[in-house]
Amino acid sequence: MEWFEETLWPNWAQKIRVKEVLYHEKTPHQELLVFDSWAWGRVLALDGVVQVTTADEFIYHEMMIHPAVLAHGAVEDLLIIGGGDGGCLREACRYPGIRRITQVEIDASVVEFCKRYLPTVSAGAFDDPRLRLVIADGAAFVQQCTDRFDLIVVDSTDPRGPGEVLFTEAFYRACRGLLKPRGILVTQCGNPAIYPDELVFTQQRQRAAGFADVSYFFAPVPTYIGGNMALGWASDEPAHRRVTVEELRARGVPAGLGHYTPEVHVAAFAHPAWMIARVGY
Ligand code: AG3
């Protein structure tokens, strides 16, 4: 295989030049591909869609975790749905104040596979004693869970096929029920420049699920093509979106980050005019 071609959109594709294919499996359920590339390090693609590259995953994973943890200011209990590569977990483990991390992954073999082929993504975080790894369907888990969380992060695939249940109003409602009063929900909402409907319907469903403050912010991940990726932000506390650069810095930004700064955090919530027209805010 000389080039990997991503087949996400009918009229637009990206190609990544392949150095070496490390794993390729096609089952009736999914196609799993891992390869070393010249441009983006090691790449994991599921059903032809890039999920992670070792060269730019830090941008996505830092933005999935740090804005919410720092805006909240006192996260102790964290729930991660999906995220079997361990990137979100790795970023969360940087905070000594986070006492318990529950991660719900539907397939145990995904975790083992990613530890083996993408070790730099979890970077040992699956061994953190604060972690409780639950192998279960995330949508079913949130319906019956009795624990409560300060932050829920949904690191899902796109809303097609098995990941679809993680984009429903019922799922968001259940997540809201698991949050403590000042809690925050962060979700992956796709690239609005190429597919704005995904952001529009996730925002509508999060509102319908009862959240008082629903908004979105951006993570510029080059290999998730289509401009900035939008991340959903839902809570009952509008003040979480108004924390200043100075306050964020004072709360203790972990050392050694590659993308996140308090300035990037504040700027990530700035919405361009065409998206305000499309989404409503
Ligand atoms: N989570 C995000 C996948 C997004 C791919 N979609 C796309 N390019 N539109 C994957 C797992 C990262 N931990």
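Observations
- R0 of 22 Å, Cβ-Cβ distance THR146-ALA170: FRET efficiency to nearest 0.05: 0.75
- With all protein chains in place and a 1.4 Å probe, the accessible surface of the stretch 196-281 carries 56 percent carbon and sulfur.
- Prolate/oblate/rounded label for the stretch 214-265 (Cα gyration tensor, a/c 1.5): oblate
- In the context of the full protein assembly, ARG251 retains an accessible surface of approximately 110 Å², using a probe radius of 1.4 Å and ignoring ligands and nucleic acids.
- Computed with a 1.4 Å probe on the full set of protein chains, the accessible area for ASP197 sits at about 70 Å².
- Using the rule -39500 (n - 2.57) for each DSSP H run of four or more residues, divided by the residues of the chain, the 222 nm mean residue ellipticity is -8500 deg cm²/dmol.
- Pairs of lysine residues in the chain that meet both criteria, 8 or more places apart or on different chains and Cα atoms under 26 Å apart, total 4.
- Across TRP40, TRP9, the residue with the most accessible area heads the list, and the full order at a 1.4 Å probe is TRP40, TRP9.
- For the chain, DSSP calls about 60 percent of its internal beta bridges antiparallel.
- Point-to-point label distance, ARG241-ARG160, nm (Cα→Cβ direction, 7 Å offset): 2.9 nm
- Global geometry of the stretch 3-53, whether rounded, prolate or oblate, following the gyration tensor of its Cα atoms and the 1.5 cut on a/c: oblate
The values are calculated or read from the model by the stated rules, or taken from the named source; none is laboratory data. In this text the structure is predicted, and so the values were computed from the model without any measurement. Cβ coordinates were reconstructed from backbone atoms using ideal geometry, including for glycine residues, and neighbour counts include every protein chain displayed. In case anyone asks, the SASA skips ligands and DNA or RNA and just uses the protein heavy atoms, side chains included. Shrake-Rupley method; radii C 1.70, N 1.55, O 1.52, S 1.80 Å.
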